[in-house]
Structures are given as structure tokens and as C-alpha cells.
Amino acid sequence: LAIVPDGILHYLPFEVLITDSEDPSSYLLKDHTIRYHHSATLPQRIRAQKEPTVAYLGFSPGYAKDSNPLLASRSAEDNLIAKDLNKLPMAAQEIRRSAEIWKGNYFTDSAATEASFKSNASKAGIIHIASHAIIDDEEPMRSRLVFSISQDSTEDGLLHTYELYNLELNAQLACLSACNTGYGQLRSGEGVVSLAKGFFYAGVSNIMMSLWSVPDNSTAQIMELFNEELETGAGKAEALRMAKLRYLEQADAYGVEPYHWAAFTLIGDNEPIHSGKKYSSWFIGGAFALVAFIAFVFYQKRSGV
């Protein structure tokens, strides 16, 4: 199902709709692959992208305080920067495991700065950020992802929505593994102004975003399963569906509640990720077969057969 929501339906993950009134677990997720978009014509207007040089690039900033079960809260106070935010014990593991799946690169802790993101993100086919987000309900262009604070005087460690509008990214997919990255102010004729939309206008053709504050543990599990499914060649929306279904199979009675798994939705298409790694293997295999064929023909002629 490809859904272009309107009004407050932007805030609803359709996957949680019930198909059987007598079965509270009969989620629409179990019957359909669901993806979303801002409009039916926007996918046709995405600018031409450059070929990424890195398959995957992950960011997991470091934070100072003891861990909290949520990745972040919906607060927009300027003093909520890295030194005041809770640690995300599963985030670094989530990034490392995903980078391992894709044989990509990643930045964690003090290396995961706003400057490192801006310097490297345009090279990536997949951008994955596991961080805190600070959402500004009144000025959504000031909502931001919180990176590690560095001594770099040119960046403050807060990647705002308005900054994303000025970037040129080439990723096929951005995984925004933070709270409320798809949440924002609803504007007539424009839809929801959110961090996710900022990535879309920066040139990312597909965005996995969250509609509410998400738990650290279940988020890490779903992201790992999602990347595993993607790497096998599943379409993006189908990979997210399979990741959620696999998560539900192993979750306990508390973890199966939609709060833990339904926040993440995909804006974009259901095409597989075009992995340079796979393309190169196909090319090498094809070249080898061609050389073998030419050698066989040459041998046949020399033998007079």
C-alpha cells in the first residue's frame, strides 16, 4: 500500500490498524507492505543524485548522563545539548552492527560530530543516525538532531532542519533512529514540517522516520533486522515490514505493544538498495564468464573442431 496521508493522518502509522475486531493483534502490518509519501508527484521531482562512494555511513554520538529508556523527549530548550542528554547504550551497537552488515563506515562517541556528518554524508548510499532529537513544535525548522559537541567553532553540534535544506545528499535511504524525526508542525498545503522532510529536500529519496519517542532497546533491534532484510535484496518498505514481524516474533508481552515497534515508517519507494558491492560482484562474474567463453571459442578454433 502506498499512502499519501492528509491532515492529522500524517501522525498515524497505518500498520497498527486492526483487520479483525475479535483479534487485537490482527495488525494491517501482517497483511500488507505499507509505505508513505508527501504527495503522488513529489517522487518525480527529486533532483538527480551523484553516485555514492560509501555504501553505508552511520553516526552514534556520545552523551554524558546515565541511560534512559527513551532516546529523547519532545523538548526544544536550547540548553538541552549533548552534556545534558542521557546515554544511548544500544545506539553504538546498532550502528556498528549495521555497518558490519553493509561493510560500511561509522562515527561513534566524540567522533560523531556535526562537522563529520556534513563532511561525509554526501558520499553515502545509506545514512544512519542513532541519536537524540530535539523537536520544536512552534518553529519546526529549528528542530534538530544532537551530535557530539566538539571544539570546532564553526558548528554547534545541533543539526537543524533548516540546515538540511541547504545540503546536497545523495543517499538512497536515511534511517533516522531518534525520537519524533517524522513529527512536526502540520501546515496546510505542506504537510508535516519535520527533520525527515529536511532530509528529503536535501536529496534523500527514502527516509525511515519515527512518529513518537521510541525506546532505545526495541529501536536497536528493529534497525538491525531492517538492515539485515535490506542486505538480502528486499525492497525498503518490505524490509521494514519483515523487521517488525521478526521483532514481534521474539518480543515479550510488554515489547509487542505498538509503542515499541510501530513508530518507524518509511517515506519513499519499495525498491531494493542498489549496492555497489553487489554490482561489482555481478560485473566481475560477468567478466569472468565472458573471458572463459572467448577462451573456449579460441580453443575450439585452434583444435579445428
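The values are calculated or read from the model by the stated rules, or taken from the named source; none is laboratory data. Source: prediction; values computed, not measured. Here the Cβ positions follow ideal geometry from the backbone for every residue, glycine too, while neighbour counts run over all protein chains shown. The protein model used for the area step is the full one, side chains on, heavy atoms only, and it has no ligands, DNA or RNA in it. Shrake-Rupley method; radii C 1.70, N 1.55, O 1.52, S 1.80 Å.
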Looking at Ala239, is it among the hydrophobic types (A, V, I, L, M, F, W, C) and buried (at least 23 other Cβ atoms within 10 Å of the Cβ)?
yes
By residue number, the members of segment 199-215 that are assigned to a helix (DSSP H, G or I) and surrounded by fewer than 21 Cβ atoms within 10 Å (Cβ to Cβ) are Tyr201
Since Ser218 meets every condition but one in (1) closer than 25 Å to Gly7 by Cβ; (2) crowded, with 19+ Cβ neighbours inside 10 Å; (3) free of Cβ contacts under 8 Å to residues at least 60 places away in the same chain; (4) not hydrophobic (A, V, I, L, M, F, W, C), which condition does it not meet?
(1)
Here's a check for you: in segment 252-266, which residue that is open to solvent by 10 Å² or more (accessible area, probe 1.4 Å) and touching a residue at least 60 places away in the same chain (Cβ under 8 Å) is nearest to the chain's Cα centre (by Cα)?
Pro258
Close pairs from segment 131-147: first more than 12 Å from Ser60 (Cα to Cα), partner open to solvent by 60 Å² or more (accessible area, probe 1.4 Å) and part of a helix (DSSP H, G or I), Cβ under 8 Å, at least 6 apart:
Asp136/Arg142; Met141/Tyr162; Arg142/Tyr162
Hits in segment 9-28 (condition: over 16 Å from Ile267 (Cα atoms) and either outside any loop (DSSP other than H, G, I, E, B) or open to solvent by less than 30 Å² (accessible area, probe 1.4 Å) (or both)):
Val16, Ile18, Ser26, Tyr27, Leu28
Somewhere in segment 45-66, is a residue at pLDDT below 85, open to solvent by 30 Å² or more (accessible area, probe 1.4 Å), in contact with a strand residue (DSSP E or B) (Cβ under 6 Å, 6 or more places away or on another chain) and closer than 21 Å to Leu266 by Cβ?
no
Single match in Leu225, Leu245, Leu159 (criterion: assigned to a helix (DSSP H, G or I), open to solvent by less than 30 Å² (accessible area, probe 1.4 Å) and at pLDDT 95 or above):
Leu225
Within segment 67-105, the residues that are modelled with pLDDT of 75 or more, more than 20 Å from the chain's Cα centre (by Cα), in a loop (DSSP other than H, G, I, E, B) and surrounded by fewer than 20 Cβ atoms within 10 Å (Cβ to Cβ) are Lys87
Would a scan of segment 106-122 turn up a residue that is part of a loop (DSSP other than H, G, I, E, B) and either open to solvent by 10 Å² or more (accessible area, probe 1.4 Å) or among the charged types (D, E, K, R) (or both)?
yes
Among the residues of segment 174-190, write down those that are open to solvent by 10 Å² or more (accessible area, probe 1.4 Å) and either without any contact (Cβ under 8 Å) to a residue 12 or more places away in the chain or not aromatic (Phe, Trp, Tyr) (or both).
Gln185, Leu186, Arg187, Ser188, Gly189, Glu190
Can you tell me which of (1) assigned to a loop (DSSP other than H, G, I, E, B); (2) closer than 19 Å to Lys50 by Cβ; (3) of a type outside the set (A, V, I, L, M, F, W, C); (4) at pLDDT 95 or above is the one Thr181 doesn't meet?
(2)
